[in-house]
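Student: Right, I'll just put the structure down here and ask away after.
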């Protein structure tokens, strides 16, 4: 095993992690917000009443009247800036390279990313097809126009940057940091999953369906991606699954409470958080089992082992 064991390399003082997180937050909310701020400025110049509408409901950006694909681009841009900031700061702050945060082997395993993405997309497509057949009145055909072409391009090529940033930060950087401090495997998975769920607290789904209805889903996603990371000894599979999930939803399905307000193929009229949670739990377990077979993962007991420095690791004070 290398992913968590390699976390003992570099500089792991807690203040370094705090500075990294603060710097990324600052970068995403300043430089990352520039395109959206420009759009807001242009709209406000032509219609000053928009300022009051935004002040009354800052999370409702529909008043800007942006093209949905343009809005998706502006939503994804901060994640790209966050990823760039992380890469630039990682070596000076923590004395580590990006690949050490990814898996600790010195090589990015593209096959794990693509296999995971394909498996997740397959199960998502089966679930959507079954939902359309079993509850057809809850869905309507939303878009079959040429606007799907730019949506597909944006989703396939840019959403992976958003997924990669979240996985690098949570299942890579922070999971390794907690492994150094706690010296076990399962605790970092739990802690980073809770943190992952909490950063989604500003998502519109929370306002639409309620905190306690949506938090279990975000926590489940964090746990699934964390388990993938430990079993695969790196975050490539988690990136693939995460990117596939978000890209599939962006292209194929939207609803009124979704953070992904895209011109997707289908519109879901009613969303039921609790049934969706249990279906996601079942689907997640099946995906883990399929990927265990395809990627030849070892026994699940590895999830509960200790984390110790590798003999070759050189500690940096």
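Student: If you go through the range 237-245 one residue at a time, do you hit one that is assigned to a helix (DSSP H, G or I), out of contact with any strand residue (DSSP E or B) (no Cβ under 6 Å at 6 or more places or on another chain), at negative phi and surrounded by fewer than 24 Cβ atoms within 10 Å (Cβ to Cβ)?
Tutor: So the first thing to find is which residues in the range 237-245 are assigned to a helix (DSSP H, G or I), and the list is 237-245.
When the remaining residues are screened for being out of contact with any strand residue (DSSP E or B) (no Cβ under 6 Å at 6 or more places or on another chain), the result is 237-245.
Narrowing the set further to residues that are at negative phi leaves 237-245.
So of that shortlist, the ones also surrounded by fewer than 24 Cβ atoms within 10 Å (Cβ to Cβ) come out as 245.
So far as the range 237-245 goes, yes, one or more of its residues are assigned to a helix (DSSP H, G or I), out of contact with any strand residue (DSSP E or B) (no Cβ under 6 Å at 6 or more places or on another chain), at negative phi and surrounded by fewer than 24 Cβ atoms within 10 Å (Cβ to Cβ).
Student: For a quick check of your reading of the model, give me the residue pairs whose first member lies in the range 181-194 and is in contact (Cβ under 8 Å) with a residue 12 or more places away in the chain, whose second is buried (at least 19 other Cβ atoms within 10 Å of the Cβ) and not in a helix (DSSP H, G or I), with beta-carbon atoms closer than 7 Å and at least 6 apart or on different chains.
Tutor: Taking only residues 6 or more apart or on different chains, the pairs are 183/307; 184/307; 185/4; 185/307.
Student: Which one of these is closer than 30 Å to residue 16 by Cα and either within 18 Å of the chain's Cα centre (by Cα) or crowded, with 16+ Cβ neighbours inside 10 Å (or both): 99, 81, 118? Break it down stepwise before answering.
Tutor: Working: 99 fails: either within 18 Å of the chain's Cα centre (by Cα) or crowded, with 16+ Cβ neighbours inside 10 Å (or both); 118 fails: closer than 30 Å to residue 16 by Cα.
Answer to the check: 81.
Student: When you scan the range 236-257, how many residues do you find that are over 12 Å from the mean Cα position of the chain (by Cα) and closer than 21 Å to residue 167 by Cβ? I'd like the intermediate steps shown before the answer.
Tutor: Of all residues in the range 236-257, those over 12 Å from the mean Cα position of the chain (by Cα) come to 236-237, 248-257.
Retained after the next criterion (residues that are closer than 21 Å to residue 167 by Cβ): 236-237, 248-251.
Residues flagged as over 12 Å from the mean Cα position of the chain (by Cα) and closer than 21 Å to residue 167 by Cβ within the range 236-257 amount to 6.
Student: Next up: Tally time: how many residues in the range 248-275 are under 14 Å from residue 213 (Cα atoms), without any contact (Cβ under 8 Å) to a residue 60 or more places away in the chain and surrounded by fewer than 17 Cβ atoms within 10 Å (Cβ to Cβ)?
Tutor: Counting residues in the range 248-275 that are under 14 Å from residue 213 (Cα atoms), without any contact (Cβ under 8 Å) to a residue 60 or more places away in the chain and surrounded by fewer than 17 Cβ atoms within 10 Å (Cβ to Cβ) gives 2.
Student: Residue check: is residue 301 assigned to a helix (DSSP H, G or I), more than 19 Å from the chain's Cα centre (by Cα) and free of Cβ contacts under 8 Å to residues at least 60 places away in the same chain?
Tutor: Working: assigned to a helix (DSSP H, G or I): yes; more than 19 Å from the chain's Cα centre (by Cα): yes; free of Cβ contacts under 8 Å to residues at least 60 places away in the same chain: yes.
So residue 301 passes the test.
Student: Check 137, 131 and return the single one that is exposed (fewer than 13 other Cβ atoms within 10 Å of the Cβ), on the phi < 0 side of the Ramachandran plot and over 23 Å from the mean Cα position of the chain (by Cα).
Tutor: Details: 131 fails: exposed (fewer than 13 other Cβ atoms within 10 Å of the Cβ).
From the options 137, 131, the qualifying one is 137.
Student: So which residues in the range 102-115 are exposed (fewer than 14 other Cβ atoms within 10 Å of the Cβ) and either under 19 Å from residue 8 (Cβ atoms) or in contact with a helix residue (DSSP H, G or I) (Cβ under 6 Å, 6 or more places away or on another chain) (or both)?
Tutor: Step one: of the range 102-115, the residues exposed (fewer than 14 other Cβ atoms within 10 Å of the Cβ) are 106-107, 110-111.
Within the range 102-115, just 106 meets the criteria.
Student: If we scan the range 157-178, do we find a residue that is in contact (Cβ under 8 Å) with a residue 12 or more places away in the chain, farther than 22 Å from residue 112 by Cα and touching a helix residue (DSSP H, G or I) at 6+ places or on another chain (Cβ under 8 Å)?
Tutor: From the range 157-178, those in contact (Cβ under 8 Å) with a residue 12 or more places away in the chain are 158-178; that's our starting set.
From what's left, farther than 22 Å from residue 112 by Cα: 177-178.
Those left that are additionally touching a helix residue (DSSP H, G or I) at 6+ places or on another chain (Cβ under 8 Å): 177-178.
Yes, there is a match, as at least one residue in the range 157-178 is in contact (Cβ under 8 Å) with a residue 12 or more places away in the chain, farther than 22 Å from residue 112 by Cα and touching a helix residue (DSSP H, G or I) at 6+ places or on another chain (Cβ under 8 Å).
Student: Residue 198: under 15 Å from the mean Cα position of the chain (by Cα) and within 24 Å of residue 126 (Cβ to Cβ), yes or no?
Tutor: When the stated conditions are applied, residue 198 does not pass them.
Student: Further question on the same structure: Please tell me if residue 126 is loosely packed, with under 15 Cβ neighbours inside 10 Å, at pLDDT 95 or above and either more than 26 Å from residue 12 (Cα to Cα) or in contact with a strand residue (DSSP E or B) (Cβ under 7 Å, 6 or more places away or on another chain) (or both).
Tutor: On the way: loosely packed, with under 15 Cβ neighbours inside 10 Å: yes; at pLDDT 95 or above: yes; either more than 26 Å from residue 12 (Cα to Cα) or in contact with a strand residue (DSSP E or B) (Cβ under 7 Å, 6 or more places away or on another chain) (or both): yes.
When the stated conditions are applied, residue 126 passes them.
Student: Is at least one residue of the range 211-230 out of contact with any helix residue (DSSP H, G or I) (no Cβ under 7 Å at 6 or more places or on another chain), within 23 Å of residue 75 (Cβ to Cβ) and modelled with pLDDT under 95?
Tutor: Checked the range 211-230: at least one residue is out of contact with any helix residue (DSSP H, G or I) (no Cβ under 7 Å at 6 or more places or on another chain), within 23 Å of residue 75 (Cβ to Cβ) and modelled with pLDDT under 95.
Student: Moving to a separate point now. Could you tell me whether any residue of the range 60-76 is modelled with pLDDT under 70, part of a helix (DSSP H, G or I), exposed (fewer than 13 other Cβ atoms within 10 Å of the Cβ) and out of contact with any strand residue (DSSP E or B) (no Cβ under 8 Å at 6 or more places or on another chain)?
Tutor: Yes, because at least one residue in the range 60-76 is modelled with pLDDT under 70, part of a helix (DSSP H, G or I), exposed (fewer than 13 other Cβ atoms within 10 Å of the Cβ) and out of contact with any strand residue (DSSP E or B) (no Cβ under 8 Å at 6 or more places or on another chain).
Student: Take the conditions in contact (Cβ under 8 Å) with a residue 60 or more places away in the chain, more than 19 Å from the chain's Cα centre (by Cα), surrounded by fewer than 21 Cβ atoms within 10 Å (Cβ to Cβ) and over 30 Å from residue 137 (Cα atoms) and apply them to residue 231. Does it pass? If you could, list the steps in order and put the result at the bottom.
Tutor: Values: in contact (Cβ under 8 Å) with a residue 60 or more places away in the chain: yes; more than 19 Å from the chain's Cα centre (by Cα): no; surrounded by fewer than 21 Cβ atoms within 10 Å (Cβ to Cβ): yes; over 30 Å from residue 137 (Cα atoms): yes.
Criteria not met by residue 231.
Student: Same structure, new question: Does residue 296 fit the bill of being without any contact (Cβ under 8 Å) to a residue 60 or more places away in the chain, surrounded by fewer than 19 Cβ atoms within 10 Å (Cβ to Cβ) and more than 29 Å from residue 207 (Cα to Cα)?
Tutor: On the way: without any contact (Cβ under 8 Å) to a residue 60 or more places away in the chain: yes; surrounded by fewer than 19 Cβ atoms within 10 Å (Cβ to Cβ): yes; more than 29 Å from residue 207 (Cα to Cα): yes.
Yes: the conditions hold for residue 296.
The values are calculated or read from the model by the stated rules, or taken from the named source; none is laboratory data. Bear in mind that the values here come from a model prediction, so they are computed numbers and not experimental data. Positions of Cβ are backbone-derived with ideal geometry, glycine not excepted, and every protein chain shown enters the neighbour counts.
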